[in-house]
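To start, the structure under review is shown below, and the notes come after it.
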Amino acid sequence: MHTIAIELPPIETEKSVEVSVSINGHRNVLAYRVEVFQWSEWWQPPEPRACTIQRILEAHDVGWQLLHIGTPVDNGIPLTFKRIS
């Protein structure tokens with residue numbers, strides 16, 4: 001798959017973004033969602049945070065595919081998902 005970067009305005013957590021793309025006259029609508037998962041709700045020290053992310057993904061809606069793992073911060077980690085069509 002080819003990739004393009006689109007700068008988005010700030011959105012609220014757990015909101016989805018729909019992007020309409022036209023390729024050779026064929027229109028496709030793609031949906032993305034960014035969620036920030038709080039470590040306090042998922043992390044069980046001394047487990048590595050990578051294991052925590054794995055548990056988050058195992059519990060996540062199967063209709064959405066992980067697209068990007070953002071930079072972790074002290075209180076959480078942003079994950080970007082793409083809706084599976």
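Here, each number is a calculation from the coordinates, and none is a lab measurement. Bear in mind the structure is a predicted one, so any value in this text is a computation, not a measurement. Methodologically, a virtual Cβ is constructed for each residue, glycine included, from the backbone with ideal geometry; neighbour enumeration extends over all protein chains shown.
Extending each Cα 7 Å along its Cβ direction at C51 and L8, get the distance between those two points in nm, one decimal.
Roughly 3.2 nm, to one decimal.
Just order 61-74, 35-48 by mean Cβ neighbour count inside 10 Å, highest at the front, would you?
Top to bottom by mean Cβ count within 10 Å: 35-48, 61-74.
Between 0 and 90 degrees, rounded to the nearest ten: what's the tilt of helix 49-59 against the longest Cα principal axis of the chain?
60
Looking at the chain, I'd like the Rg to Rh ratio, where Rg is from alpha-carbon atoms and Rh is Kirkwood's inverse mean 1/r.
So for the chain, dividing Rg by the Kirkwood Rh gives 1.03.
Is there a quick way to get the dipole size of the range 36-85? I mean about its Cα centre, with the Cβ of Lys and Arg at +1 and of Asp and Glu at -1; what is the value in debye to the nearest 20?
200
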